[in-house]
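One structure is given here, and the rest of the page talks about it.
Every number in this text was worked out from the coordinates using simple rules, so none of it is lab data. What you see is a predicted model, and the numbers here were worked out from it, not measured in a lab. Note: ideal-geometry Cβ built from the backbone for every residue, glycine included; neighbour counts use all protein chains shown.
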């Protein structure tokens, strides 16, 4: 059988689908916020942000393809059935109705609609806007086959065009230089802080889930299973290069804005200020269109992935019912407000990301150890406690003196924990222990097989 050749048109279509699925609310506002906070140290901060904002999602997509996973559950299953289900549900609730999808509508409303409403009408306006937003997302994702058409062909080119216009205007008319005041968090470890900031995009988690839809789209174009990884590698690389250019431009936009503004409370407010500076009232309307397009494509991808994966895990519940669940749940949570959504997502991301990163790396190299349960369990076991403590250190409970004492001891004795990476060493230790057991069991198995073979030969001779 002759392999199907990947055309430039197909490459651009798949790359556009990938880009549109995870370039949403966080991807637009967090780089701007990072620029305002990193100031003069924007280069190392941006490089760190690109690690978790582009490279990790790319690796996550490849990991799904390499392991031929149908869902997040398949990737996590070597640890155990219970862990696979728990991780699947945790990721989809996080990037779905708890934080990810509500953030899309909340961001679009705060930047594009709220400025036109009085304070008395903000709550009612959000109710109406979020109902329309999630209602339309539900309508467009009822038929999974339409996903590539709606996201890749129509919405993304329009969104990218609008964003390019904004960035070009800022390039030729900068608000200030790049030698700006540096926030305390970025003064000594700007690169590592950038890595943690990249968690906020949720792309590493999202691509574990969304990659399944991309794989289906690639197969739908006529490519065989043995070609999927190569096609995704090419399209994914193109997508993250484009995204990296946008990220860097948005960071520079944030740095430059310090020449006119003080750091805003969040990236959404900062982006809105910048647009208004350049285009006045028209800029506010443009911001609304730009952001809504960006976040709406992400919401569609999250809707489909949520319904697909959970239907596979719980087949007695229909795809449509899960789709309705995420639409309604997102609508309810979105009305809690963008500030609350972002604040509560941080400890959850600090908890889940270490598990996601470990599973991605193990999956990429899984062919070398036959997806050994022992190695998977050793690595994940090493992550559990540090991940819980990292989440606790970034939670509202840090005001409690007892919690402060536990976290202080953790930061004192565990390497890299004060930087937010306390899970790395325990995960490596757990992996090495798992590898030791794996090698030992293989040696014993070979010896056992050899003995059985010798016994069989002796019996046959007798």
| field | Packing-based exposure ordering (other Cβ within 10 Å, fewest first) of 226, 92 | value | 226, 92
| task | Calculate the radius of gyration of the Cα atoms of segment 7-88 to one decimal place, then report Dmax, the largest Cα-Cα distance, as a whole number, both in Å. | result | 16.7, 48
| field | Relative intensity, log₁₀ I(q)/I(0), of segment 80-126 from a Debye sum that treats every alpha carbon as a point, q = 0.13, 0.24, 0.32 Å⁻¹ | value | -0.45, -0.81, -1.02
| task | Pop a pseudo-label 7 angstrom from the Cα along the beta-carbon direction at both residue 281 and residue 181 and give the gap in nm to one decimal. | result | 3.3 nm
| said: With 10 angstrom as the radius, rank 350, 61 by how many other C-beta atoms surround their C-beta, starting from the fewest. | reply: 350, 61
| remark: For Cα Rg over 2.2 N^0.38 Å the list reads (i) 0.96; (ii) 1.93; (iii) 1.04; the calculated value is entry (iii)
| field | Computed over the chain: relative contact order in percent, which uses C-alpha pairs under 8 Å that are six or more apart | value | 30 percent
| Burial ranking of peptide ranges 293-301, 331-339 (average Cβ count within 10 Å, highest at the top) | 293-301, 331-339
| query | Under a point spin-label approximation (7 Å from Cα along Cα-to-Cβ), what is the residue 339-residue 188 distance to one decimal in nm? | reply | 3.0 nm
| note | Taking the chain and counting helices only, DSSP H stretches of n ≥ 4 at -39,500 (n - 2.57) each over all residues, the nearest-500 ellipticity at 222 nm comes to -25000 deg cm²/dmol
| Under a point spin-label approximation (7 Å from Cα along Cα-to-Cβ), what is the residue 401-residue 70 distance to one decimal in nm? | 5.5 nm
| said: Taking R0 as 22 Å, what FRET efficiency do you get between residue 81 and residue 429 from their Cβ-Cβ distance, rounded to the nearest 0.05? | reply: 0.30
